[in-house]
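Asks: Attaching a single structure in structure tokens format; questions to follow.
The values are calculated or read from the model by the stated rules, or taken from the named source; none is laboratory data. Quantities reported herein were computed from a predicted structural model and do not represent experimental measurements. We place every Cβ from the backbone using ideal geometry, glycine too, and count neighbours over all the protein chains shown.
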Amino acid sequence: MIQRFSPARQTRLARSVSAVALSSALCWLGGVAPALAQEVTQGARQPAPVLAPPADLGGSQMDLFSKDTVSVLLDARLVVANGATSFVNGGFGKTRFQGDADGHYKASLAPVEADLVWVPRFTSSLSANVSVAYQKDHEESVDLIEAFVNYLPARTGPVGVSARAGLMWPEISLEHSTGGAWSVVNTITPSAINAWVGEEVKVLGGEGTLHASVGQSELAATVGVFGYNDTSGTLLSFRGWALHDEKATADGYFKLPPLNPFIVHLQEDRTKNTTDLDNKAGFYGRLDWRPPQPFGVSVFYYDNRGDPEAFTAAGQWGWRTRFWNVGFNADLGPNTKLLAQGMTGSTIMGFEDNGERWVHTKFQSAYVLVTQMVGDVAVTGRVEAFSTGEHGSEMPANNSEDGWALTAAARVPINDRLTALFEAMNVRSSRDTRVTLGGLSSPFEAQTVLQASLRLRL
């Protein structure tokens with residue numbers, strides 16, 4: 001099947017294929033869609049998601065079906081974009097939208113997302129969050145996105161606890177809201193870091209948080225254990241970073257760009273974002289510090305403990321992915337907020353060959369974002385850089401990439417249910433495989449995307 005294998009590697013692979021064919025099984029659960037008309041205050045640490053805190057924490061406060069627990073969220077979009085084939089269509093394009101057949105500017109008008117969000121409250125401290133979403137151009141156009149239960153008891157002293165369990169995103173992003181659903185607040189497109197979190201760092205598991213007041217500071221420590229995230233890293237290695245607002249679903253896939261002559265015989269042309277291949281639990285931890293001054297700091301570590309030699313007969317592989325993420329937020333004035341994140345990590349896949357795995361990708365990215373309130377309008381600017389470095393034995397060094405992006409956005413509330421957002425984004429990046437595998441004329445691409453979004457909450 002794979003002519004470039006040595007006889008020893010052919011034997012190892014044959015044994016693995018046979019074992020997988022006899023024993024592999026896949027499971028899934030699901031969960032939340034983005035809160036499309038919601039505005040929240042962002043910070044270094046927010047409590048576990050809960051849509052509407054009860055008025056009286058002493059009672060049961062059960063509310064299963066009401067206008068406070070069921071929401072419909074709609075997003076219609078006018079887009080003008082240029083650039084080569086987008087990753088959503090199996091290309092190397094860095095954004096969700098692309099130009100015409102020649103890469104020139106193209107305009108489109110379409111509904112891009114619709115969400116049904118259910119947030120039942122069982123007691124004053126126990127609630128849940130379940131969402132189903134339609135996402136334009138997603139592999140599974142309608143699917144479950146997030147489903148978890150929340151335990152958030154009233155804090156009566158210097159120490160408190162909270163917990164979550166289910167299919168969810170760990171609290172990594174500073175750009176997304178944590179109430180009701182997972183959505184970017186002041187822009188249309190999240191940073192490259194949090195776009196990747198949205199597509200490959202969704203977990204099925206549970207987490208517990210200890211909150212404490214120490215002097216005038218607030219501290220929090222979170223530990224999470226999870227599964228069904230073994231393919232995390234696939235997109236970063238084969239496609240690289242991207243800037244978009246698509247999110248992983250319970251049963252969905254993301255398309256992959258053209259693969260090299262070795263990997264194409266092993267890897268399916270798409271990656272399933274919620275998969276368990278090795279029955280091993282991954283873990284993450286987070287520390288948060290908020291002093292009496294108007295800023296906060298968070299440090300997050302993630303290790304999915306994936307087996308890089310595990311795979312299915314269909315071509316879904318396990319990846320060992322680990323990363324550090326540092327977040328910082330500050331109020332620069334009564335109407336000005338700064339957010340910053342940095343991430344660095346690595347991911348490996350495949351068997352060892354001369355001391356190196358077939359794929360070994362190191363990745364890093366960082367951004368700084370500033371939001372200024374001008375009356376009711378939020379004006380945001382963001383600058384970011386991203387890169388990957390490839391060291392795998394079966395991945396050429398020219399699979400590495402470097403890039404940066406500038407984003408400007410404005411959020412304009414129209415009424416309590418309707419919000420307009422406007423965004424201009426320019427992305428510049430270089431990746432040699434655009435030429436060697438994608439058939440493009442240059443490894444470099446400069447792409448511009450202009451968007452206007454109308455978001456309605458019912």
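Asks: Could you list all residues from segment 169-210 that are part of a strand (DSSP E or B) and out of contact with any Lys or Arg (no Cβ under 7 Å at 6 or more places or on another chain)? Talk me through it step by step, then tell me what you get.
Replies: Within segment 169-210, the subset part of a strand (DSSP E or B) is 176, 184, 203-210.
If the condition is that a residue be part of a strand (DSSP E or B) and out of contact with any Lys or Arg (no Cβ under 7 Å at 6 or more places or on another chain), then His176, Val184, Val203, Leu204, Gly205, Gly208, Thr209, Leu210 are the ones that fit.
Asks: Still on this structure: Taking the residues in segment 112-133 that are within 30 Å of Gly83 (Cβ to Cβ) and either at pLDDT 95 or above or among the aliphatic types (A, V, I, L, M) (or both) as candidates, determine which candidate is surrounded by the fewest Cβ atoms within 10 Å (Cβ to Cβ).
Replies: In the first step, residues of segment 112-133 are kept if they are within 30 Å of Gly83 (Cβ to Cβ); the result is 112-115, 133.
If we keep only those that are either at pLDDT 95 or above or among the aliphatic types (A, V, I, L, M) (or both) as well, we get 112, 114, 133.
Values: Val112: 23, Ala114: 19, Ala133: 26.
Filtering segment 112-133 for residues that are within 30 Å of Gly83 (Cβ to Cβ) and either at pLDDT 95 or above or among the aliphatic types (A, V, I, L, M) (or both), the one surrounded by the fewest Cβ atoms within 10 Å (Cβ to Cβ) comes out as Ala114.
Asks: Here is a follow-up. With segment 101-152 as the region, which strands (runs of 3 or more DSSP E) entirely inside it contain at least 3 residues that are among the aliphatic types (A, V, I, L, M) and over 30 Å from Val449 (Cα atoms)?
Replies: Details: elements: 106-118, 126-135, 142-151.
Passing ranges, in order: 126-135.
Asks: From the residues in segment 254-289 that are modelled with pLDDT under 95 and hydroxyl-bearing (Ser, Thr, Tyr), which one is surrounded by the fewest Cβ atoms within 10 Å (Cβ to Cβ)?
Replies: Ranking the qualifying residues of segment 254-289, first place goes to Thr275.
Asks: Anything in segment 312-345 that is surrounded by fewer than 22 Cβ atoms within 10 Å (Cβ to Cβ), among the aromatic types (Phe, Trp, Tyr) and within 20 Å of Trp241 (Cα to Cα)? List them, or say none.
Replies: Within segment 312-345, Trp324 is the sole residue that qualifies.
Asks: Same structure again: What number of residues within segment 141-180 satisfy the criterion of being within 20 Å of Met62 (Cα to Cα) and in contact with a Ser or Thr (Cβ under 8 Å, 6 or more places away or on another chain)? Reasoning before the result, please.
Replies: Of the residues in segment 141-180, the ones within 20 Å of Met62 (Cα to Cα) are 147-155, 162-165, 179-180.
From the residues that got through so far, the ones that are in contact with a Ser or Thr (Cβ under 8 Å, 6 or more places away or on another chain) too are 147, 149-154, 162-163, 180.
Residues that pass the stated criteria total 10.
Asks: Suppose we keep only residues that are among the aliphatic types (A, V, I, L, M) and in contact with a Lys or Arg (Cβ under 8 Å, 6 or more places away or on another chain) within segment 129-147. Which one would you say is farthest from Leu456 (Cα to Cα)?
Replies: Initial filter on segment 129-147 (among the aliphatic types (A, V, I, L, M)): 130, 132-133, 142, 144-145, 147.
Subsequent filtering for residues that are in contact with a Lys or Arg (Cβ under 8 Å, 6 or more places away or on another chain) retains 133, 145.
On the way: Ala133: 14, Ile145: 19 Å.
Only one residue tops the list, namely Ile145.
Asks: Looking at (1) part of a strand (DSSP E or B); (2) over 18 Å from Ala192 (Cα atoms), which one does Gly392 not meet, given that it meets all the others?
Replies: (1)
Asks: Within segment 435-452, how many residues turn out to be at pLDDT 95 or above and touching a Leu at 6+ places or on another chain (Cβ under 9 Å)?
Replies: Going through segment 435-452 one residue at a time, the tally reaches 4.
Asks: Could you check, for segment 143-165, whether at least one of its residues is in contact with a helix residue (DSSP H, G or I) (Cβ under 7 Å, 6 or more places away or on another chain) and surrounded by fewer than 24 Cβ atoms within 10 Å (Cβ to Cβ)?
Replies: Residues of segment 143-165 that are in contact with a helix residue (DSSP H, G or I) (Cβ under 7 Å, 6 or more places away or on another chain), as a first pass: none.
No, every residue in segment 143-165 fails to be in contact with a helix residue (DSSP H, G or I) (Cβ under 7 Å, 6 or more places away or on another chain) and surrounded by fewer than 24 Cβ atoms within 10 Å (Cβ to Cβ).
Asks: Let me ask you something else. Against the conditions (1) in contact (Cβ under 8 Å) with a residue 60 or more places away in the chain; (2) surrounded by fewer than 23 Cβ atoms within 10 Å (Cβ to Cβ), where does Gly208 fall short? Just the number, please.
Replies: (1)
Asks: Which of the residues spanning segment 59-93 are in a loop (DSSP other than H, G, I, E, B) and either among the β-branched types (Val, Ile, Thr) or within 30 Å of Tyr105 (Cβ to Cβ) (or both)?
Replies: Keep residues of segment 59-93 that are in a loop (DSSP other than H, G, I, E, B), which gives 59-62, 64-69, 82-85, 90-92.
Result: Thr69, Asn82, Gly83, Ala84, Thr85, Gly90, Gly91, Phe92.
Asks: Filter segment 362-401 down to the residues that are without any contact (Cβ under 8 Å) to a residue 40 or more places away in the chain and of a type in the set (Asp, Glu) and list them by number.
Replies: Residue satisfying the conditions is Asp376 alone.
Asks: If I filter segment 275-291 down to residues being part of a loop (DSSP other than H, G, I, E, B) and of a type in the set (A, V, I, L, M, F, W, C), which single residue comes out as nearest to Leu219 (Cα to Cα)? If you could, list the steps in order and put the result at the bottom.
Replies: Going residue by residue through segment 275-291, those that are part of a loop (DSSP other than H, G, I, E, B) are 275-281, 291.
Applying the additional criterion that residues be of a type in the set (A, V, I, L, M, F, W, C) yields 277, 281.
Values: Leu277: 36, Ala281: 27 Å.
The residue in question is Ala281.
Asks: Looking at segment 217-234 only, could you name the residues that are crowded, with 24+ Cβ neighbours inside 10 Å and polar (S, T, N, Q)?
Replies: Asn229, Thr231, Ser232, Thr234
Asks: For the condition surrounded by fewer than 17 Cβ atoms within 10 Å (Cβ to Cβ) and at pLDDT below 95, what is the one hit in Asp376, Asp416? Lay out the reasoning, then the answer.
Replies: Values: Asp376 fails: at pLDDT below 95.
Going through Asp376, Asp416 in turn, just one is surrounded by fewer than 17 Cβ atoms within 10 Å (Cβ to Cβ) and at pLDDT below 95: Asp416.
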